[in-house]
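The values are calculated or read from the model by the stated rules, or taken from the named source; none is laboratory data. Everything numeric here is computed off the predicted structure, so don't read it as measured data. Every residue, glycine as well, gets a Cβ built from its backbone with ideal geometry; the counts of neighbours run over all protein chains shown. These area figures cover heavy atoms from the full protein model, side chains too; ligands, DNA and RNA do not enter into them. Shrake-Rupley method; radii C 1.70, N 1.55, O 1.52, S 1.80 Å.
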Amino acid sequence: MVGGLIIYGLVNSFVLALIAMGFSVTFGISRVSNFAYGAVFILSGYVIWMLLNWFRLPYALAVVSTILLSGAFGHAFYYVALLRVRGMPLSEVVATFALGVGLLELFRWLGFVTYEFSLPPFKKGYISVLGFPLDYQRLFIILGGIALLGFLYLFTHHTRLGLAFRGIAQNERTAISLGINSDKTAAWSVAFGCMFATVAAAFVLPLGIISVNTGYEALLIAIAIGVVGGLESITGIVLASIVLGFVQVIVSYFLSPAWTMVIYLLTIIVILTFMPSGLLGKLKELEERV
Amino acid sequence: MRRKERIDRGIKVRSDDIYAIASYREMLYLLLPRLTPVIALLILPLITQFCKAYYYEKVAVLSCIIGLLALSWDYMASVGLFSLGQAFFFGTGAYFSAYAHLKYGLHPIFAMVIATVAGALFCTAILAPVLRLRGVYFSIITLALPLFFTRIIEATKILGGTEGLTGLMPISNRWAEVYIPIVSFLTALFAFRRIINSDYGLVIQAIRDNDRAVLASGLNVQLYKAQCVFVASIASCFAGAFMAHFYQAVGLSAFALDYSLMPLTSAILGGVGTFAGPAIGAFVIVPLSETLRTLGTLRVVVYAVLLFVAVIALPEGIFPYIRRKYQQVERIVEV
Amino acid sequence: MDYLLTVERLTKSFGGVMAVWDVSFKVQKGQLVGIIGPNGAGKTTLINLITGFVKPDKGKVIFKGEDITGLSPYKIAQKGIARSFQVVRPFLHLPSYKNLIIPLYSKRVKALRGGKYGDRDLVALDLLEDVGFEKDSSVPYKVASSLPHGYLKRLELARCLALRPELLILDELFSGMSMSEVAATMPIIEKLKEGGMTIIMVEHRLRELFRIADTVIVLNFGEKIAEGRPSEIIENELVKAAYLGAESA
Ligand SMILES: Nc1ncnc2c1ncn2[C@@H]1O[C@H](COP(=O)(O)OP(=O)(O)O)[C@@H](O)[C@H]1O
Ligand SMILES: [Mg+2]
């Protein structure tokens with residue numbers, strides 16, 4: 001039983017990490033909190049589904065095209081809307097929130113709510129780990145999660161764009177004076193967040209059905225992980241995902257799955273009360289700058 | 001070349017907050033825009049009752065309730081806390097009132113009062129840890145809270161679970177049922193405006209502008225923020241408590257997105273920071289939403305689009321626009 | 001000797017950066033202490049540590065014999081330490097004189113003024129006149145967002161004075177001011193000093209600072225590398241090296 005808890009806890013942690021990464025990436029770079037994140041996540045699922053079922057594209061091609069579309073969408077969203085309200089936190093929040101709700105509810109109204117809307121796993125079947133069956137999709141989630149986290153780390157630490165991102169995150173004014181274009185990086189940050197959402201959707205959604213409510217749930221998860229982890233450090237995301245991922249599995253096992261949200265909320269409140277900037281957040285210290 | 005010129009109208013001696021009133025006309029000039037909507041709202045129920053236009057009465061009540069939520073939103077916004085989850089306060093008030101009423105057999109009115117105060121305390125306590133943080137944390141948490149509480153009620157099956165609590169006693173008096181929301185809406189409107197124009201209100205706005213300068217001036221910023229959340233929660237929880245008895249039932253829909261989105265849209269559309277704006281906004285949004293009832297869930301999309309357009313393209317809002325038109329004459333001049 | 005403020009071995013690091021390292025000094029009543037150092041030397045952080053905006057890793061701050069280390073900023077302000085901010089951000093939506101209502105509203109000022117509060121607007125206008133806002137003009141009534149930078153700096157000074165502090169800490173008050181604005185502001189500081197106010201000034205304008213300071217403390221990479229009378233500091237080789245080295249770099 002312990003083995004099972006560990007395996008499923010791990011899988012679950014990676015699911016959470018995958019979902020949460022994009023939100024934190026955008027926030028960490030440009031301080032834009034993209035409340036349309038859950039919508040992008042779910043819409044990605046629908047788009048992949050359409051490409052698969054309506055246009056009969058091969059799976060891999062459908063996913064890659066959707067990732068590109070998602071990046072383009074992020075860019076467009078930044079330049080059409082966010083750019084006009086940049087620096088006004090209220091307007092940023094409201095604009096992304098309105099867009100997210102609008103898109104999700106539009107799809108609900110269009111009738112994208114039935115069981116036919118689900119993605120097939122990348123590969124059917126399962127292997128056995130420690131005597132527990134682990135299906136390939138869940139295995140891919142672990143591998144994909146590791147790959148993506150690694151990519152994120154390398155990217156932010158070793159590429160020009162990544163370093164520019166970090167520059168902006170640390171001090172926008174200095175970064176600008178060093179010739180880093182803050183609009184361009186901010187647009188990329190939103191686009192990146194959206195692309196991460198799509199990747200996460202491709203990995204995670206085959207586990208269940210694509211539903212509008214999952215969109216809200218994804219946003220909640222991203223928020224919970226972000227808040228607990230400190231909203232910008234990669235290690236923070238990993239730690240928070242592990243904490244909440246295992247909490248979720250253990251609670252489902254010993255109590256009932258319905259209780260997980262209760263524990264989520266409690267965890268968040270406890271963490272915020274005792275560690276106001278999250279487990280690993282530098283946010284507070286950075287904001288303290290006078 | 002021609003250019004539009006704007007000239008202040010009316011009152012001659014006009015410093016920041018002291019009006020030297022010279023004549024009848026100037027009195028009217030000041031009072032009319034304040035009195036007309038108040039009187040209109042107060043006599044509306046008389047007309048609707050007389051004409052048996054109960055549908056319009058219901059729309060008016062609903063507008064007042066959403067108006068209360070929007071005012072409460074604006075009050076928190078004046079200290080720099082932007083809520084994305086007015087439904088949290090609304091639902092809390094509704095459930096507290098229903099529970100107090102069913103469990104302890106309190107009279108609806110009494111249950112509403114208790115629920116308002118207890119609910120506001122509860123909301124403030126839940127939000128207290130977040131108040132220490134700046135930036136979007138508050139928005140993030142308020143967005144999540146109604147969803148979390150929905151789940152919690154579903155999971156723990158407390159408070160009637162997914163079924164909700166039913167069989168509440170209505171507020172038995174027809175007049176009370178209409179006038180309670182109207183009067184509390186107007187009270188909140190004028191009380192909030194008054195508070196924000198007082199010195200206490202200056203402190204509140206200063207916290208929004210620069211909280212560290214307020215700290216450095218020897219004021220306990222956290223305490224002020226908590227007070228703001230409490231006062232705002234009173235308005236919202238009351239709205240929820242009232243609706244519980246108005247519908248004679250409370251369900252998970254009390255935490256629904258509508259109750260977050262409608263006040264938010266009202267406030268942004270009406271003009272943030274003016275109180276009159278969100279109040280007007282509610283009287284635009286609710287009737288609109290009632291006319292769109294046939295659209296079903298597409299209504300939510302309509303609010304979202306309105307909200308999106310308002311925030312991107314109409315940053316000013318309805319009320320500041322009207323105010324400008326009222327206070328200034330515009331004319332085209334040759335330059 | 002009666003010290004108003006004692007700073008004992010204050011230390012603070014941010015991640016890997018030692019912003020302030022083992023800094024101690026004492027300030028007597030009525031003294032004007034200057035703090036200088038290249039950019040990033042830790043001057044602002046030191047002020048943040050004293051005024052409670054940043055909690056120290058180690059060390060103590062003692063004000064009037066009372067340990068105030070780690071108290072929250074508003075409590076420290078209420079005890080009588082006023083500080084200005086290097087980057088001024090006034091309450092932009094409010095008229096200048098209303099900006100001063102905020103400190104006047106605090107418990108400290110209300111108590112000091114014997115519970116009088118009704119005349120606050122006049123007090124605010126007087127304070128603004130003291131820092132050189134023309135009284136009979138419209139300047140004090142203008143919204144803060146419309147004022148030029150020099151005025152904002154002096155508004156910030158007035159905000160500090162409104163608190164009726166016993167210790168006034170000014171973080172680069174003169175930076176961003178024009179020559180004539182500095183010349184106009186100097187007498188205000190001198191007058192405060194004559195009135196017995198204890199002042200700590202972080203400054204980059206050394207000439208002005210050295211003229212009025214009793215003691216100067218030099219920080220470099222978070223460490224105190226020298227302390228003494230202005231004339232001694234000018235001669236100090238270590239200071240020259242640190243300062244000029246950093247400036248010319
Ligand atoms: N809140 C903070 N978070 C991280 N690093 C900080 C913070 N405040 C200051 N620092 C760092 O501490 C050092 C000292 O900064 P500061 O006190 O502002 O110097 P000064 O005021 O002398 O120019 C700098 O290297 C700065 O980057
Ligand atoms: Mg500094």
Does the stretch C:84-96 contain at least one residue that is more than 14 Å from every other protein chain (Cβ to nearest Cβ), within 11 Å of ligand 1 (Cβ to nearest atom) and on the phi < 0 side of the Ramachandran plot? no
Contact list, first residue from the stretch C:208-226 and more than 20 Å from C:Gly196 (Cβ to Cβ) and free of Cβ contacts under 8 Å to residues at least 40 places away in the same chain, second anywhere and part of a loop (DSSP other than H, G, I, E, B) and polar (S, T, N, Q), beta-carbon distance below 8 Å, six or more apart or interchain, is C:Ala226/C:Asn236
Residue list for the stretch C:53-72, restricted to those being within 13 Å of chain B (Cβ to nearest Cβ) and either modelled with pLDDT of 95 or more or more than 16 Å from ligand 1 (Cβ to nearest atom) (or both): C:Leu71, C:Ser72
Going residue by residue through the stretch C:10-20, is there one that turns out to be more than 14 Å from chain B (Cβ to nearest Cβ), at pLDDT 95 or above and closer than 23 Å to B:Ser217 by Cβ? no
Which residue is farthest from C:Ile225 (Cα to Cα), if the candidates are limited to the stretch C:46-68 and must be within 16 Å of ligand 2 (Cβ to nearest atom) and free of Cβ contacts under 8 Å to residues at least 60 places away in the same chain? C:Phe53
Can you tell me which of (1) away from chain C (no Cβ under 14 Å); (2) touching a Phe, Trp or Tyr at 6+ places or on another chain (Cβ under 6 Å); (3) more than 21 Å from B:Pro146 (Cα to Cα) is the one B:Leu215 doesn't meet? (1)
Scanning the stretch C:4-40 for residues that are part of a strand (DSSP E or B), more than 16 Å from ligand 1 (Cβ to nearest atom) and farther than 22 Å from C:Arg205 by Cα, the one most open to solvent (accessible area, probe 1.4 Å) turns out to be C:Arg9
Can you tell me which residues in the stretch C:22-44 are more than 16 Å from ligand 2 (Cβ to nearest atom) and over 17 Å from the mean Cα position of the chain (by Cα)? C:Asp22, C:Ser24
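Only one of B:Thr297, B:Thr291 is within 12 Å of another protein chain (Cβ to nearest Cβ), hydroxyl-bearing (Ser, Thr, Tyr), open to solvent by 20 Å² or more (accessible area, probe 1.4 Å) and more than 30 Å from B:Lys103 (Cβ to Cβ); which?
None of the others qualify; the one that does is B:Thr297.
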For the stretch C:54-75, the count of residues that are open to solvent by 20 Å² or more (accessible area, probe 1.4 Å), in a loop (DSSP other than H, G, I, E, B) and under 22 Å from C:Phe14 (Cβ atoms) equals 7
Mind checking which helices (runs of 4 or more DSSP H) fall wholly inside the stretch B:85-179 and carry at least 1 residues that are more than 14 Å from chain A (Cβ to nearest Cβ)? B:86-104, B:108-131
Across the stretch C:101-129, which residue is most open to solvent (accessible area, probe 1.4 Å) among those that are more than 9 Å from every other protein chain (Cβ to nearest Cβ) and among the hydrophobic types (A, V, I, L, M, F, W, C)? C:Leu122
How many residues are open to solvent by less than 10 Å² (accessible area, probe 1.4 Å) and without any contact (Cβ under 8 Å) to a residue 60 or more places away in the chain when one looks only at the stretch C:141-168? 3
